[in-house]
Amino acid sequence: MPAKGKHRRPKNLRLSRGFALASTGGAALALPLTAAAPALAAPAAAPSIAVEKAVSAAPAAAAKSAATYSVVKGDTLFGIAEKHSVSGGWKALYEKNKKAIGDDPSLIRPGLKLSLPGKGDTAERASRSTARAPMTTAAAAPAKAYTNNLDGWIRESLDVMAQHGIPGTYEGIHRNIMRESSGNPLAINNWDSNAAAGTPSKGLLQVIDPTFRAYHVPGTSLDPYDPVANITAACNYAAARYGSIDNVFGPY
């Protein structure tokens, strides 16, 4: 018989291991249990350790996968450099992969693996930030005004090209515009082989739609007749194909 005023815990109320683990107050419930109860708390720490290891390992895996890029249909060096913020733009990307690409930087093909300069390198990322600082400063400055004529369109295009590392001079652009369209931004060629194939040449520098889309420069209009969009896309293509619009002296 138990002493008066004291009660013995019935045997059928003994807590099971499953109940102790499921309780959200495991630490508090452990106090009235037997000496074996503290051992139940040990497994609970294991999942959190595994999660911490998985999270810490993720950044390293991401950095490794970003070191190369597999070319897909429609890719250009300009587009890849822009997408991955390659320091030095398409020229740096080309120099890094010159052996794989060959002499012509426009000859990249789907499935080709390109190394991305600076990915995973802390020093390179720091230098890239420093190199791009002037662009941030320029963006914060008041918007520059351009005249709505051929001179203004060329000058605005040159500023956009400078931001994207696309080479070209006023003289080279003007010379090619006068040959291709005589300065008419709405010019269209409806008689040559491109027109026969359903893709007539359009705008100041007579660009066909597939080329315009492939070499379109971010931040400009998606309208191929837009003067600045037309000039920058054409110069982007000419740079990839011939090194610069300055090197073009005939139909291209």
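The values are calculated or read from the model by the stated rules, or taken from the named source; none is laboratory data. Treat the numbers as computed from the prediction; the structure is a model and nothing was measured. So basically every Cβ, Gly included, is an ideal-geometry build from the backbone, and we count neighbours across all protein chains shown. Surface areas here come from the heavy atoms of the whole protein model, side chains and all, with no ligands, DNA or RNA. Shrake-Rupley method; radii C 1.70, N 1.55, O 1.52, S 1.80 Å.
The numbered conditions (1) aliphatic (A, V, I, L, M); (2) open to solvent by 40 Å² or more (accessible area, probe 1.4 Å); (3) farther than 29 Å from residue 85 by Cα are all true for residue 162 except (3). Against the list (1) in a loop (DSSP other than H, G, I, E, B); (2) open to solvent by 60 Å² or more (accessible area, probe 1.4 Å); (3) over 24 Å from residue 85 (Cβ atoms); (4) of a type outside the set (Val, Ile, Thr), the condition residue 219 fails is (3).
Within region 229-251, not a single residue is among the small types (Gly, Ala, Ser) and open to solvent by 60 Å² or more (accessible area, probe 1.4 Å). Checking residue 53 against (1) modelled with pLDDT under 70; (2) open to solvent by less than 80 Å² (accessible area, probe 1.4 Å): exactly one of these is not met. Which one? (2) is the only condition that residue 53 fails. Among residues of region 227-252 being under 25 Å from the mean Cα position of the chain (by Cα) and assigned to a loop (DSSP other than H, G, I, E, B), the one that is farthest from residue 168 (Cα to Cα) is 243.
Applying the criterion of being in a loop (DSSP other than H, G, I, E, B) and over 22 Å from residue 219 (Cα atoms) to the residues of region 191-208, the residue that is most open to solvent (accessible area, probe 1.4 Å) is 191. Checking the stated criteria, residue 169 turns out to be hydroxyl-bearing (Ser, Thr, Tyr) and touching a residue at least 12 places away in the same chain (Cβ under 8 Å).
Residues in region 165-190 that are open to solvent by 30 Å² or more (accessible area, probe 1.4 Å) and either assigned to a helix (DSSP H, G or I) or of a type in the set (Asp, Glu) (or both): 170, 171, 174, 175, 178, 179, 180.
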